[in-house]
Structures are given as C-alpha cells and as structure tokens.
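Note sheet for the following structure.
Values in this text are rule-based calculations from the coordinates and carry no lab data. Keep in mind it's a predicted model, so treat the numbers as computed, not measured. Glycine gets a Cβ as well: all are built from the backbone with ideal geometry, and neighbour counts include every protein chain shown.
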Amino acid sequence: MADAAELYWVHGMKVAAVARELDVSTSTVSRLLSEAKRRHIIEFTVNRQEGSALDPRHHLEEMFISTQLLWVLLRYRMLSGEGLP
C-alpha cells in the first residue's frame, strides 16, 4: 500500500505505471491508493503564501500541495515492522 502511494503521489507515476511496477491491476492500485488515504499512510498539506487573506479560489496558482514523503516512509517502516531508522 505504501509502495503504491509513494510511486503515485511522490514519484508522480500514473496508475497504469504503478500497476505494472507492482504487478497488479489498475483497479487494485486504485483501491490501494484509497486505502492509503483512509489509513493516513499518505497525507497532504496545503501550504499557503503567508499573509494571503483572499479567497483561495482566486489564488489556486499560489497554493502548493506537497506530500509528506518522510511521513510515508516512516509509516511504511513502522507498518512493515522495520521500525525507525
């Protein structure tokens, strides 16, 4: 699950490419991605430009969405039993 999440959200691979990499179907990848979000294996943060008090709909280009790679890797290690580095 964390592998699929990392490949898709961190590395920007398409669902079909992730499916090929993991040797599963695209529907399986979709289910894994949904489950990764549900279990908080992957989390998203929206960082706004400081001081922006205007309606965000007018400033979507100023918004930055980043995945928390460290969070993904740490959670994966903990879930897989590897523990912290």
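Observations on the structure shown:
- Exposure proxy ranking, count of Cβ atoms within 10 Å, fewest first, for His40, His11: His40, His11
- Loop-located trypsin sites (Lys or Arg not before Pro) in segment 1-32 (DSSP state other than H, G, I, E, B) with a sparse environment of at most 13 neighbouring Cβ atoms within 10 Å: Lys14.
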